[in-house]
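First comes the structure, then the notes that go with it.
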Amino acid sequence: AQQPASSGSGSDDDRDIPEGAPRAMPMEPRYRYGDPTLPVSRYRRQILYLVENHAVTIIVGETGSGKTTQLPQFVLEAGWAESGFAIAITQPRRVAAVSVAARVAEEMEVDLGTTVGYAVRFDNALQAGRTRIKYLTDGVLLREMMDDPLLTQYSVVVVDEAHERSLSTDMLLGLLKKVLRRRPDLRLVISSATLEAAQLRTFFDTATVAGRKQGSGPDRSSAILTVEGRTHPVQVHYLEAPCSDYVRAAVEAAVAIHEEEIPGDVLIFLTGQDEVTSAVRLLEEHARRQGGGGRGRGGGGPLRMMPLPLYAGLPGPQQQLVFKPAPRGFRKVVAATNVAETSLTLEGVVYVVDCCFVKQRAYNPLTGLESLLVAPLSQASAAQRAGRAGRVRAGHCFRLCTEEAFASLPKVTVPEMQRSNLVGMVLQLKALGIDNVMKFEWLAPPPAEAMVRALEELHALGVLDEDARLTKDVGLALSALPLEPPLGAALLASRGLGCAEELLTIASLMSVQHVWAPAQGATRALDEAKARFAAAEGDAVTLLNVHRAWRASGRSAAWAHRNFLQPSSLFRADEAREQLLGLLRRHGLLPGGQPPPSADRDMDPVRRAMAAGLFMNAAVFERTEYNPLAPESDPGKNVYRLVRYTAQKTAPLKLRIHPSSVLFRSTPPCVVFHTVQQADSGWFEMQGVTSVDPSWLPELAPHMYHRPQPRGVGGG
Ligand code: ADP
Ligand code: MG
């Protein structure tokens with residue numbers, strides 16, 4: 001067999017695995033391995049056989065069957081991580097990578113960050129040379145490929161949640177296909193909750209046939225194994241009539257379930273952090289009203305409700321709380337975002353309440369604008385969500401729409417690649433030496449217009465030259481930074497403007513997100529807190545003020561809480577900042593190795609740097625739209641318009657400043673923005689807004705703004 005030689009010796013850690021023991025045989029490890037009660041555990045020997053004998057093994061199994069937590073333990077136990085090799089397992093979501101790593105460390109009774117670790121952007125817990133099972137986001141594994149294109153430190157790569165078809169997963173699968181041709185010793189395991197398996201198999205089979213004639217190595221064809229789950233039937237209920245406010249409807253449904261007094265936890269699916277926190281607040285109000293007493297009709301004293309939030313930005317300890325069983329006498333009611341759909345499994349859920357919406361990226365190649373919007377859920381996702389109710393016994397799923405409305409939902413979710421801005425992806429492929437991105441082998445190719453847009457934008461950023469090759473200066477530098485290209489470009493521009501110090505802070509804070517605490521109904525207080533730091537220049541400079549005050553407080557969590565800031569995000573931003581500074585130095589991108597001292601009060605360089613990165617997202621104020629029916633206090637809506645050329649001729653974008661921006665109540669004539677959300681009303685709402693001088697745009701981005709009709713695709 002062609003697995004990495006296992007001579008037995010090696011690092012301290014290898015001693016924990018008995019030497020020379022045959023694979024797929026029970027042995028007496030010093031670790032505790034896994035949870036034998038999970039469905040996948042019954043397939044352990046089969047899985048190990050396939051991994052040994054096939055380059056690619058595809059494992060299909062229902063959510064909660066133990067794929068994510070158990071697969072890496074199986075291969076570790078079977079000796080795949082000897083001789084210094086490690087096992088990588090990718091997750092589309094950082095919250096899943098962190099939380100599952102913690103769970104597996106607990107199962108194996110090791111400290112997180114030793115044998116079992118994780119790596120997500122700007123945060124990791126691992127020890128090089130010691131960590132054997134490494135959970136990482138698909139994005140981080142892609143970054144690792146920049147330094148080590150053949151992923152030589154891994155013997156097995158598990159691509160988990162392949163059914164999600166995240167942009168990075170799709171990219172990774174294409175790249176791994178290439179890697180497999182060069183590394184017959186590498187094993188790829190793909191795990192999926194649904195039947196994309198056939199498509200995956202075709203994709204890899206055409207890839208690897210070439211290697212077979214050498215007569216060595218594993219069977220180059222891929223294998224599929226279906227793990228039979230152990231789920232109970234879930235009865236689905238629909239609304240009689242559509243509801244207008246699904247957060248309220250979800251809370252009412254949960255309360256109604258709770259009042260039935262039949263035990264079992266409730267899991268509510270909503271679309272975002274804000275909705276989750278407002279649902280939790282409403283549930284808490286209810287729980288308080290319910291108080292200690294009870295109108296319960298059950299015999300053993302009424303159950304009490306324990307409302308809990310679950311979303312990606314939730315601080316670690318609070319996250320772990322969600323996984324703990326409810327204390328005796330309590331019923332957990334968890335309001336969650338999409339993270340609970342397949343990435344994370346909560347035990348004890350018997351009731352699912354599904355709003356049937358999801359927050360997604362959307363991309364319009366005509367406007368070149370990527371936005372987040374709350375979109376109707378696909379039926380496939382809804383089925384996943386419903387399935388979460390059948391873990392322990394027969395369950396119920398309450399969909400907050402009518403049966404007719406449900407029938408009109410899309411059957412499956414469109415892969416992220418089809419609805420994203422591809423700038424970051426193309427940059428990474430180019431940096432990995434894949435020059436002809438159009439010819440790359442895709443599981444499903446991205447839309448050609450989106451590719452053309454991406455090349456155009458990269459050209460404007462100075463990343464690609466006339467021949468669509470990565471430029472030596474900007475291109476190489478930008479691909480080295482784990483930032484979205486526009487923020488990376490702003491950071492690089494800041495060096496020449498004397499404000500690298502500031503931009504390091506801004507780029508870090510903008511990247512970690514969730515800097516402000518969820519308002520939990522205290523919107524006024526949050527606004528007041530924001531006002532204390534607000535800068536007329538906009539959100540970037542406001543973040544700078546926040547960070548200054550945070551440092552002055554001695555990084556006090558209490559201070560942060562008082563000011564409606566999330567200390568966990570602030571700490572993570574500090575981490576990110578350190579890392580970015582380190583990278584700038586390592587790549588020789590900071591002359592002198594030190595950012596110049598802060599440019600005192602003059603924030604123009606900072607605004608210029610923001611404009612240099614975000615010029616694609618420049619918008620000018622056009623007019624105020626008054627609503628004749630609105631009360632006099634209604635300030636109206638300030639309509640903005642994208643400055644650059646867009647190919648969309650009909651229905652120009654209705655842009656406005658998002659209420660969370662400090663510039664919401666002012667009307668700067670020209671701004672650049674970081675992201676946009678699409679509101680129900682059809683408005684595109686700009687977030688992370690900085691006021692800029694329109695005359696800078698042609699200076700900073702001549703490709704985009706000098707020509708009367710800037711539509712050239714540089715070399716693409
Ligand atoms: P799959 O990947 O097939 O969906 P998982 O391996 O994620 O399944 O889950 C297997 C089991 O591990 C589930 O019963 C789940 O409840 C449990 N589990 C996973 N993560 C955690 C965690 N962070 N805390 C507690 N239990 C967890
Ligand atoms: Mg999983």
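Rule-based calculations on the coordinates, nothing more; no lab input. Here the structure is a predicted model, which means the values were calculated and not measured. Glycine gets a Cβ as well: all are built from the backbone with ideal geometry, and neighbour counts include every protein chain shown.
So here's what we get for this one:
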| item | result |
| --- | --- |
| Ranked packing of 524-533, 446-455, 350-359, most packed first, by mean Cβ within 10 Å | 350-359, 446-455, 524-533 |
| Residues LEU321 and VAL412, FRET efficiency given R0 of 45 Å [Cβ-Cβ distance, rounded to 0.05] | 0.85 |
| FRET efficiency estimate (nearest 0.05) - Cβ-Cβ, GLU347 to GLU109, R0 22 angstrom | 0.65 |
| Prolate/oblate/rounded call for the range 525-632, Cα gyration tensor, a/c under 1.5 rounded | oblate |
| Most to least packed among 402-415, 145-158, 619-632, 601-614 [average Cβ atoms within 10 Å] | 601-614, 145-158, 402-415, 619-632 |
| Summed side-chain charge close to THR57 - residues other than THR57 whose Cβ falls under 12 Å, Lys, Arg +1, Asp, Glu -1 | +1 |
| ³J(HN,Hα) computed for each position of the range 605-618 - Karplus, 6.51 cos²θ - 1.76 cosθ + 1.60, integer Hz, glycine/proline x | x, 5, 5, 5, 4, 4, 5, 5, x, 9, 4, 4, 9, 9 |
| The range 87-160 and the range 312-352: distance between their alpha carbon centers, rounded to Å | 23 |
| Percentage of interatomic Cα-Cα distances in the range 92-212 larger than 23 Å | 32 |
| Centre separation in Å (Cα based) which lies between the range 53-82 and the range 480-555 | 41 |
| Potential extension, ALA448-ARG230 segment - 0.36 nm per residue separation minus Cα distance | 74.3 nm |
| Binned Cα-Cα distance frequencies in the range 457-535 - 10 Å width, integer % | 17, 35, 24, 16, 7, 1 |
| Contour minus Cα-Cα distance for GLN648 and ALA525 (0.36 nm per residue) | 40.2 nm |
| Percent of beta bridges antiparallel (DSSP, the chain, rounded to nearest 5) | 35 |
| Estimated distance in nm for a label pair at THR667 and ASP274, the labels positioned 7 Å out from Cα along Cα-to-Cβ | 2.3 |
| Extension gain (nm, one decimal) between VAL392 and LEU476, 0.36 nm per residue minus Cα-Cα | 25.1 nm |
| Whole-number D in µm²/s for the range 377-422 (Stokes-Einstein; Kirkwood sum over Cα pairs; 37 °C, 0.692 mPa s) | 268 |
| Whole-angstrom Cα spans of the chain along principal axes, big to small | 70, 70, 52 |
| Ellipticity estimate at 222 nm from DSSP helix runs (n ≥ 4, -39,500 (n - 2.57)) divided over the chain, nearest 500 | -11000 deg cm²/dmol |
| Inter-probe distance in nm under a simple model that places probes 7 Å from Cα toward Cβ, at TYR238 and VAL620 | 5.0 |
| Separation in nanometres of the label points that stand 7 Å from Cα toward Cβ, at ARG555 and ASP35 | 3.4 |
| Among the listed pairs LYS430/LYS472; LYS359/LYS411; LYS177/LYS430; LYS178/LYS472; LYS359/LYS649; LYS177/LYS411, those beyond 21 Å (Cα-Cα) | LYS178/LYS472; LYS359/LYS649; LYS177/LYS411 |
